[in-house]
Amino acid sequence: PSSVLAKGVRKQYPGPRGVQALQGVDAEIGAGRFVSILGPSGCGKSTLLRCIAGLEDISEGTLTVGGRAVDGPPDGVGIVFQHHALLDWRSIRDNILLPIEFAGKRVADYTAKVEHLLRMTGLQDFADSYPRELSGGMRQRAAICRALVDDPPLLLMDEPFGALDALTRDQMNAELQRIWMETRNTVVFVTHGIAEAVFLGDEVLVFSPRPGRVAHRFVVDLPRP
Ligand code: ADP
Ligand code: ADP
């Protein structure tokens, strides 16, 4: 698993009305930890995640993943956004296999893994369907399968279950916890839900509304299954 270290991270969006979304974020996410990030809308949670993912440049400070400065999208990072980003022209199975293809690995070696993920998320009958044939929640679950297929040492999730109904959400939470127990890869999980943050995380970072900064950090000491 990869660690994440942020020191004095600032992010100024470009343009005349560019917001300073991060105003000196300090955070240390240990390898193998499950860290939840809580905070009101607009406090910079998604920005921090996109910076960790190398999808945005930081303006100031240092940000490292696995001890290396983030410089463009790194290998070994799985990402799930609030709104899935599946490719419409590929079946669900072929969408899930994208990271395997990108990594130049043999797709045939992942048949069993993909079946396992599909079953786990209740999509076993939809492997050959196309994204437009599935409901929003099902597409989101497919995006989660895709993020997990290559066992990323760092999994970044930005309100991944926000669009799901309460029951599916509870199921996905339980599955995510089970996967994390199994793999012990590092997870950074952005959510609005305090209960979810505490249930899943073994550590919670709370952003202050203004400026975009980590205001509190606490360790959750709950018995785990
Ligand atoms: P959160 O995820 O906590 O809701 P965001 O990171 O999305 O917060 O946003 C933090 C601030 O940065 C907000 O004021 C938002 O309007 C601004 N912001 C987010 N993305 C962009 C962007 N691509 N360009 C300009 N401003 C942005
Ligand atoms: P939503 O996100 O739209 O609320 P869910 O993802 O929770 O919907 O889907 C609820 C259930 O409805 C699914 O588990 C599935 O059994 C069924 N379903 C939804 N869309 C389809 C579809 N296109 N074909 C077959 N079953 C579907």
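The values are calculated or read from the model by the stated rules, or taken from the named source; none is laboratory data. Everything numeric in this text was worked out from a predicted model, so none of it was measured. Cβ atoms come from the backbone with ideal geometry, glycine included; neighbour counts cover every protein chain shown.
Scanning region 75-90 for residues that are among the small types (Gly, Ala, Ser) and closer than 14 Å to residue 151 by Cβ returns 76, 78. Among the residues of region 38-50, not a single one is farther than 14 Å from residue 21 by Cβ, among the basic types (Lys, Arg) and either within 16 Å of ligand 2 (Cβ to nearest atom) or surrounded by fewer than 21 Cβ atoms within 10 Å (Cβ to Cβ) (or both). Residue 140 meets the stated requirement of being closer than 21 Å to residue 162 by Cα and away from ligand 1 (no atom under 16 Å from the Cβ). Quick check on residue 130: is it within 13 Å of ligand 2 (Cβ to nearest atom) and of a type in the set (Ser, Thr, Tyr)? Yes; evaluated as a whole, the condition is true for this residue. Residue 15 falls short on exactly one of the conditions (1) surrounded by fewer than 17 Cβ atoms within 10 Å (Cβ to Cβ); (2) over 19 Å from residue 209 (Cα atoms); (3) modelled with pLDDT of 95 or more, and that condition is (3).
Name the helices (runs of 4 or more DSSP H) wholly inside region 128-225 in which the number of residues that are out of contact with any helix residue (DSSP H, G or I) (no Cβ under 7 Å at 6 or more places or on another chain), surrounded by fewer than 18 Cβ atoms within 10 Å (Cβ to Cβ) and at pLDDT 85 or above is 2 or more. I'd like the intermediate steps shown before the answer.
Numbers: elements: 136-148, 166-183, 194-200.
Fully inside region 128-225 and qualifying: 166-183, 194-200.
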